[in-house]
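Take a look at the structure below.
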Amino acid sequence: MKVTSRFVVPKMRVPWWGRLETRIIAALVLLGTLCVGASVYLVRLSVAYFDTRVGDALDSARELAEGIEAFHDGLVSAQVAAFEARTAALAATLPGATEDVEPSLRAQLTASPDVAEIEMLGADGVLVRVRDPNSAEVPLEAGVDAFETQIALPGERGQLRVVYRLDPEIDARYQRLGDQLREIGREEDSRADVEDAVTLVTTVASVLVLLGSMFAGFVVARTTTRRVSELSRVMTRVGQGELTARSQTSSEDEVGQLARAFNHMLDELAAAQQKVAYLQRIGAWQGMARRIAHEIKNPLTPIQLAVQQLRDKDPGGDPRFSKMLATSVEIVEDEIEGLRRMVASFSQFAKVPEVRPAPVSLSRVLEEFERAYGHLSDDETGTLEVRPPKHDVEIEADRQLLKQALVNLVENAVLSAREHRRDGIRVEIHTSSLADAVDIVVDDNGPGIDEARRERVFEPYETTRAEGTGLGLAIVKKVVLDHAGEIWIEDSPLGGARFVLRLPRLKAPTSRRITGA
Amino acid sequence: MTRWRRRHFLATLAALPGLGFARGDPVSRRKAKFGEIASSVQMTLSLPRLIRLTDAEALASIDSGFDTTLEFHVTLWEHGSREQVGHRVIVVKIGWNPFLKRYVVKTKGSTGWMQRTFTSRTAAIEAAVTLDRIRIAASDDLTRGTFEDGPYYFATVLAMRNPIKEDDSASARRRRRGDRDLVWFGHLVETLAGERARAEEVVHVRTNYFYLEAR
């Protein structure tokens, strides 16, 4: 019974908000926004934390600088007071006689290395000045390099002026402190702005990263969902009956694996369909062959008897008639014999029994075949070589039918080679084991089979041999298919055709059987 | 929205941050006095905005004894020409000297530092922010002309209070540390924070035109 199923697949028009692509992008945006928000919040916390610490450090630095500033003021005041005291002391020790003043001033100058110059203007208008001979030619800068004190001498004896040398490094260090304080001020002024700027930069960078991630996610989601959509379209086409449709996805990820699995499933389905169709065709041909054999076989015997009676009843009076009759009878009998042979092959084809599989050793099958049909190589010009497997393999098969299939293959090879007048006909049978199957390979050095005809030769009554009935290979394929196997043709290294029979191994997990037509 | 409009809208949108960060120094006009003394052209210009008498922080800085540095970049231009005729940098320091107990204004000229002292802070500030008869060019460097025909000259003065030396800045310190990413990030943050100011106070002025009378 032929069952045809047609699924009506509704057109899948998913609204944009329901698409996988939209959902993935929305999830990415949501996650990205959360991440950016959390990142910015943490950055702001970090900046605020370090800003507090920096603020404390700046406050400490400012306090320190202000302390130094006060210390510097005190130092200057003390130094000024000391200079003034030293000048007053000097004034008190000056001799009264004017001519004794200069040696006294010079002695003071020598005794005080930080004194650069001493000058006394007497009441009589006489000026006595002594200078440090080691003083530089460059004039000292008041307030920076030098400090000048001036007092009136006791007893209205005149004025005394002393110039003390200052260490310029003190002022330089103090000015550097001022620079540092300004830097601290700038840092304090810009703290809030810097905090905002760091947050802004981090936010902008995070948003850029988010946009990049969204774009990448969009591309990935689009690519993935497109492939899923493409697979979905292929499924729809298959559902509508277009069994040749295949997914073109070639990626290595899960979607690619799904597509490949789906394609493989379709291939398997197509192969199974082909097997079923083939077996149905073979079944139909078998029915027809059975009927033809029956219809032809029945009148053959009366025809032959009638012809023999004609020959027996010949009175022999006319030699010319007798000769013509004998020739005619011979022709009719030849044709009857031909028809008998054809009927026999039809009957053989029609009577291919149902496979009754049983566990059997492949070596045993090949040994029995070689023992029973080794005569096929008796031909002086022919060689049949059977190489059993090195490690025996158990298969589930009908031993007799499998041997019959091998006989048909070898006969086909030998006859084809003979028709092409080849010398040194060679047929080899060997096996190769796979994980869950075993291949029986039949090689010959015959004319080979064109690639275009390799499928057709298994069709019943399809032959290129003058003497062939076109049923041998059809029987072989039926037997193989009944064993849930496969058969195909390749080029043989011997120069002819190679028939490969792939049969499932015993207890093979993937073994399946297609029986009957 | 057409494609053209959309492109311009997007371009404007993209340029907005750049426009926002662009900071130019507004150049205002300020009247100066020019005179020819012997063989030099001299200018007198006062820029009181540089140290405002109401700027408590600036005044406190002066009183603290730390020198407040004023830097004047004087550039002389010929009207209608893009090439400068002359350029001069004048540095002035003002501060309280605890030894002298006076305000000191030091000006760095071509012959070295020149020092003036003041008892009044206001007078010291006024002296510091005034470029008093400074030589801006040699007479021979200018072309003499007439009031009607010119050529005319003018000066631009970029004055800065306590200019930030690049070597002492945070950017320079980061650069010395050698972390390029940190330098880049610092530039970005400072640009956004507006921290890349060149000085505590910047005054940029352009003077009136003058011409050198024919003799």
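The values are calculated or read from the model by the stated rules, or taken from the named source; none is laboratory data. Remember, it's a predicted structure, so these values are computed and weren't measured experimentally. Positions of Cβ are backbone-derived with ideal geometry, glycine not excepted, and every protein chain shown enters the neighbour counts. Surface accessibility is based on the protein's heavy atoms, side chains included, excluding ligands, DNA and RNA. Shrake-Rupley method; radii C 1.70, N 1.55, O 1.52, S 1.80 Å.
Laid out as a table, the results:
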item: Subset of segment A:428-450 [part of a strand (DSSP E or B) and open to solvent by less than 30 Å² (accessible area, probe 1.4 Å)]; result: A:GLU428, A:ILE429, A:THR431, A:ALA437, A:VAL438, A:ASP439, A:ILE440, A:VAL441, A:VAL442, A:ASP443, A:ASP444
item: Criterion (under 30 Å from A:VAL162 (Cα atoms), assigned to a helix (DSSP H, G or I) and β-branched (Val, Ile, Thr)) met by exactly one of A:THR22, A:THR52, A:THR87; result: A:THR87
item: Where a residue in segment A:62-76 is closer than 11 Å to A:LEU181 by Cα and its partner, wherever it lies, is part of a helix (DSSP H, G or I) and open to solvent by 60 Å² or more (accessible area, probe 1.4 Å), with Cβ under 9 Å and at least six apart; result: A:ALA65/A:GLN180
item: Restricting segment A:346-357 to residues that are out of contact with any strand residue (DSSP E or B) (no Cβ under 7 Å at 6 or more places or on another chain) and not in a helix (DSSP H, G or I), the residue that is surrounded by the fewest Cβ atoms within 10 Å (Cβ to Cβ); result: A:GLU354
item: Test for A:LEU31: is it modelled with pLDDT under 80, more than 30 Å from A:VAL144 (Cβ to Cβ) and surrounded by 13 or more Cβ atoms within 10 Å (Cβ to Cβ); result: no
item: Matching residues, segment A:186-207, being at pLDDT 80 or above, facing chain B (nearest Cβ under 9 Å) and open to solvent by less than 30 Å² (accessible area, probe 1.4 Å); result: A:ALA197, A:VAL198, A:VAL201
item: Yes/no for B:ASP181 being modelled with pLDDT of 65 or more and within 13 Å of chain A (Cβ to nearest Cβ); result: yes
item: Complete set of residues in segment A:171-185 that are open to solvent by less than 60 Å² (accessible area, probe 1.4 Å) and either touching a residue at least 12 places away in the same chain (Cβ under 8 Å) or at the interface with another protein chain (Cβ under 10 Å from one of its Cβ atoms) (or both); result: A:ASP171, A:TYR174, A:GLN175, A:LEU177, A:GLY178, A:LEU181, A:ARG182, A:GLU183, A:ILE184, A:GLY185
item: Boolean, A:SER232 is modelled with pLDDT of 80 or more, surrounded by 16 or more Cβ atoms within 10 Å (Cβ to Cβ), among the polar types (S, T, N, Q) and part of a helix (DSSP H, G or I); result: no
item: From B:GLY112, B:GLY95, residue being surrounded by fewer than 15 Cβ atoms within 10 Å (Cβ to Cβ) and within 14 Å of chain A (Cβ to nearest Cβ); result: B:GLY112
item: Total residues in segment B:52-74, condition open to solvent by less than 10 Å² (accessible area, probe 1.4 Å) and either away from chain A (no Cβ under 14 Å) or part of a strand (DSSP E or B) (or both); result: 4
item: Odd one out for A:VAL128, checked against (1) in contact with a strand residue (DSSP E or B) (Cβ under 8 Å, 6 or more places away or on another chain); (2) without any contact (Cβ under 8 Å) to a residue 24 or more places away in the chain; result: (2)
item: Residue, nearest to the other protein chains (Cβ to nearest Cβ), within segment A:67-101, restricted to residues that are exposed (fewer than 13 other Cβ atoms within 10 Å of the Cβ) and among the acidic types (Asp, Glu); result: A:ASP100
item: Conditions (1) without any contact (Cβ under 8 Å) to a residue 60 or more places away in the chain; (2) out of contact with any strand residue (DSSP E or B) (no Cβ under 7 Å at 6 or more places or on another chain); number of the one not met by B:PRO48; result: (1)
item: Test for A:THR249: is it under 25 Å from the mean Cα position of the chain (by Cα) and of a type in the set (Ser, Thr, Tyr); result: yes
